[in-house]
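Written out below as structure tokens is the structure these notes cover.
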Amino acid sequence: MLKGKHILLGVSGGIAAYKTPLLVRLLIKNGATVKVVLTHSAIDFVTPLTLATVSKNEVFIEFFNKETGVWNNHVELARWADLFIIAPATANTIAKMANGICDNLLLATYFSAKSQVMIAPAMDVDMFQHPTLKANIAKLNAFGNTILPSPKGELASGIDAEGRMSEPEFIYNKVLDFFNTTQVLKKKRVLITAGPTIEKIDPVRFISNFSTGKMGVELANRAAQLGADVDLIIGPTNLATSSSINRINVLSAQEMYDEVHKKIVFADIIIMAAAVADFTPKLKSTTKIKKTTQKENILSNLELVPTKDILASVGNIKTKKQLLVGFALETDNELKNAKDKLKRKKLDYIVLNSLNDSGAGFEYETNKITIIGKNNMEKSFPLKSKTEVAKDIFETILN
Ligand code: CTP
């Protein structure tokens with residue numbers, strides 16, 4: 001089932017490390033080739049000899065072999081992997097991964113990873129519930145890593161609570177899922193727009209909206225998990241993105257339009273989740289407009305002109321092979337407006353979210369959507385995290 005798959009296992013120093021030989025056995029028995037990288041503290045919990053024996057491969061701990069001087073090339077290791085699992089991931093390793101600290105081979109390999117990374121946090125409950133740990137995990141999740149659950153059960157301290165490493169069988173099943181269903185976009189290119197645009201009035205003022213870019217970033221993460229090459233054209237936001245995504249930062253609607261049209265011919269799937277400003281100031285002053293100097297101050301009667309509708313422009317030129325998905329954020333007559341937009345902009349699908357649904361839209365971590373297809377297909381989903389919503393969107397448009 002896993003024949004030909006290269007799986008890299010990173011083991012950090014927690015008691016759950018004693019379970020990793022079982023995971024390696026499961027992977028090997030099912031045809032995978034497995035290599036293991038350990039931190040120094042991991043070897044207090046599981047021996048390198050055990051892991052080398054079960055993986056049938058040399059294991060890696062140091063940046064270089066101290067006897068021969070040969071470099072253990074972390075870049076090569078990272079690129080070799082089709083999937084990188086870090087199990088157990090301790091609070092220390094998670095903190096370093098989330099904050100760019102690179103003081104061992106496992107971390108250097110993580111920062112060089114091109115493949116999907118699955119992280120299985122494991123630690124005692126108080127550490128697991130600490131806000132710092134939670135913030136670090138949220139950061140790693142936002143970078144596009146898969147965070148596995150840390151279920152409840154007896155911990156090393158004897159306390160019965162959450163924080164255990166996912167069991168080897170559970171991780172193994174996640175690996176199967178990953179290779180069975182999650183590589184459907186291998187060799188496909190996905191183009192996504194996200195975030196707001198800002199339309200300058202003068203060097204210090206602009207018009208914009210409340211979009212955070214979160215939904216678009218989650219879509220980009222999901223597309224990358226599905227094996228796609230992803231171009232993400234994103235307006236100003238402070239969200240970080242994974243290095244496996246080709247991120248192109250833009251400011252204005254015109255810049256977004258230009259970048260989209262540079263990339264469009266390469267795209268198999270185009271999803272436009274950006275909240276593009278519909279209007280931009282007719283005149284943009286290169287110097288700060290003073291409120292006192294002009295009699296008829298232009299700020300008191302700002303003249304706006306429409307921006308180009310990027311989505312409609314793509315609808316007009318897209319080929320039959322390209323799949324085009326738009327978003328509609330509505331406050332009234334939601335379904336009718338979304339269906340009109342689907343037709344008018346020549347889309348294959350439109351994702352409707354209504355500002356009337358609590359927890360949906362800008363600034364929320366959650367969203368509640370209805371997907372409408374050009375063939376009248378209509379599917380509504382309950383309120384979910386934007387990560388889950390991104391999964392639903394791909395599952396729907398790919399079926
Ligand atoms: N969109 C775009 N370029 C624009 C405006 C919107 O690409 N200049 C895209 C958005 O990314 C989204 C879709 O069009 O996918 C719908 O955006 P929305 O603002 O809801 O629709 P509008 O066409 O602007 O219609 P209206 O403002 O009348 O609702």
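The values are calculated or read from the model by the stated rules, or taken from the named source; none is laboratory data. Source: prediction; values computed, not measured. Please note: Cβ atoms are built from the backbone with ideal geometry, for glycine as well, and neighbour counts cover all protein chains shown. Surface accessibility is based on the protein's heavy atoms, side chains included, excluding ligands, DNA and RNA. Shrake-Rupley method; radii C 1.70, N 1.55, O 1.52, S 1.80 Å.
Remarks
- The packing ranking, built from the mean of other Cβ atoms within 10 Å per residue, places the peptides 265-278, 42-55, 384-397 in the order 265-278, 384-397, 42-55, highest first.
- Helix-only mean residue ellipticity at 222 nm for the chain, each DSSP H run of n ≥ 4 adding -39500 (n - 2.57), per residue, nearest 500: -9000 deg cm²/dmol
- Asn356 versus Thr53: modelled label distance in nm, points set 7 Å from Cα along the beta carbon direction: 6.7
- Percent accessible area from carbon and sulfur atoms, the chain, protein chains only, probe 1.4 Å: 53
- Pairs of Cα atoms nearer than 8 Å and 6+ residues apart set the relative contact order; for the chain it is 11 percent.
- Orientation-averaged projection of the stretch 37-132 equals 6.8 nm² [convex hull of Cα atoms, one quarter of hull surface area].
- Using only alpha-carbon positions in the stretch 313-389, the gyration tensor eigenvalues give semi-axes of 23, 13, 11 Å once each is multiplied by 5 and square-rooted (largest first).
- Rounded to whole Å, sorted largest first: equivalent-ellipsoid semi-axes of the chain, Cα gyration tensor: 44, 24, 20
- Accessible area of the chain divided out per residue, in Å², using a probe of 1.4 angstrom: 49
- Mean separation of Cα pairs under 8 Å and 6 or more residues apart, divided by the residue count, gives the stretch 297-380 a relative contact order of 22 percent.
- Over 20 Å (Cα to Cα) - which of Lys5/Lys174; Lys346/Lys386; Lys139/Lys386; Lys5/Lys56; Lys308/Lys343; Lys346/Lys374 fall in this group: Lys346/Lys386
- For the peptides 196-204, 219-227, residues were scored by their other Cβ atoms within 10 Å and the scores averaged per peptide; the highest-first order is 219-227, 196-204.
- The stretch 189-398: radius of gyration and largest Cα-Cα distance (Dmax), Å: 17.7, 59
- Relative packing of 87-99, 338-350, which averages over residues the other C-beta atoms within 10 Å, highest first: 87-99, 338-350
- Projected label points at Lys284 and Lys29, each 7 Å from Cα along the beta carbon direction, are separated by 6.2 nanometres.
- Residues considered: Ile248, Ile101, Ile289. Largest GNM mean-square fluctuation over the chain, using C-alpha springs under 10 Å, is found at Ile289.
- Size of the stretch 6-181: Rg and Dmax of its alpha carbons, in Å, are 15.1, 46.
- Accessible area, probe 1.4 Å, largest first, for residues Phe128, Phe84, Phe362: Phe362, Phe128, Phe84
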